[in-house]
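Take a look at the structure below.
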Amino acid sequence: MAKLYWTPGPQDKDKLKKLVAQHVDVQAEVDRRAFEVAVRAEQLLLQHHQDGHAEIDIVHGHTDYYVVLSDERGQKAALSIEYGREAGEYEVRDEETGETVTIPYGEMEGLFILAEASHLPKKRKGKVDLD
């Protein structure tokens, strides 16, 4: 009987991490957990009576799964839902008259949908500036 002694180097550790991360059982567990987080996030989004523009998606990367708060109005809208926003205004050009109209919007507290659904701490780093 032979004994093998092996001390992994830095490159070997990266290869081992990749091998473990891509293992079929690990991928199945990560998929299951992403689905659980997405279901909780969807429930929280519905509780806050969102207007139907926002949705929860699961995106599968090369190795990882991501639960994403997506909003068809754009990334800033999704950020505002998650983290909140300061009051402000934006300008829109009226197509009929050609005049510029200023539309105010109010301050909004963040809902922290993804943070709460994933049981992560709510970290507020300031409100999203929509300008």
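Enclosing the Cα atoms of the stretch 9-131 in their convex hull gives a volume equal to 162 cubic angstrom per residue.
Are there any helices in the chain, counted as whole DSSP H runs, that stretch 20 Å or more along their axis by Cα and score at least -0.5 on average by Kyte-Doolittle, and if so which? Mind showing how you got there, number by number?
Details: long enough: 24-47 (35 Å, 0.04).
Answer set is 24-47.
Annotation: aspartates and glutamates with alpha-carbon distance below 16 angstrom to LYS122 (same-chain offsets under eight excluded): GLU82, GLU109.
When the charge dipole of the chain is built from unit charges on Cβ atoms (+1 for Lys and Arg, -1 for Asp and Glu) and taken about the Cα centre, the candidate among GLY98, GLY88, VAL26 whose Cα reaches farthest toward its positive end is VAL26. Computing FRET efficiency as 1/(1 + (r/R0)^6) for SER118 and GLU96, where r is the C-beta to C-beta distance and R0 is 41 Å, gives about 0.35.
Bear in mind that the values in this text are calculations on the coordinates, not laboratory data. Here the structure is a predicted model, which is why all the values come from computation and not from measurement. Neighbour counts run over all protein chains shown; Cβ positions are idealised from the backbone, glycine included.
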